[in-house]
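First comes the structure, then the notes that go with it.
No value in this document is a laboratory result; all are computed from the given coordinates. Remember, it's a predicted structure, so these values are computed and weren't measured experimentally. Every residue, glycine among them, receives a Cβ derived from its backbone with ideal geometry; neighbour counts consider all protein chains shown.
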């Protein structure tokens, strides 16, 4: 890649962090531009099909959705983050999706309208974390 990549982000978005971590782990230089999602600028609306972050600008092309961005980074940069074995790699990708769902569950805590709904979401999160802990055991 000849020009630096531009990661369009928001400081509180965990999906942006997923992309930033992948870029950093692979040692890929990139610039970061923060967007106020409460007052989206016109240029952002023009390049973001879903109106959300992350976006990765690669030359004149804009990639969106963190899973697609991380897959692009994995496919185009050295130092693979996933194992070579296709079965284990597929497991990794499945757990990444599990993590996305967990992040969505956590975000749901913020919108819980009442204590009962908050408690139900909390239990869902704790159940998923227990499942993840059981899978990890003493480490990857």
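Observations on the model:
- Each of 26, 52 was scored by other Cβ atoms within 10 Å of its Cβ. Arranged with the fewest first, they read 26, 52.
- Over the range 5-76, the ratio between the Cα radius of gyration and 2.2 N^0.38 Å evaluates to 1.01.
- Gaussian network model of the chain, springs between alpha carbon atoms under 10 Å - residue of 24, 66, 48 with greatest fluctuation: 24
- Two-site label geometry, residue 26 and residue 61: point separation in nm, points 7 Å out along Cα→Cβ: 1.2 nm
- For the chain, the equivalent ellipsoid derived from the alpha-carbon gyration tensor has semi-axes of 28, 24, 10 Å in decreasing order.
- Choice from 85, 75, 36 with maximal GNM fluctuation in the chain (Cα, 10 Å cutoff): 85
- Ordering 21, 69 from the fewest to the most neighbouring beta carbons within 10 Å gives 21, 69.
- Diffusion of the range 86-136 by Stokes-Einstein, at 4 °C in a medium of 1.567 mPa s and with Rh set to the Kirkwood radius over alpha-carbon pairs, works out to 109 µm²/s.
- The chain: most fluctuating residue of 123, 93, 57 per GNM, C-alpha cutoff 10 Å: 123
- Simple spin-label estimate for residue 93 and residue 126 in nanometres, 7 Å along Cα-Cβ: 3.5 nm
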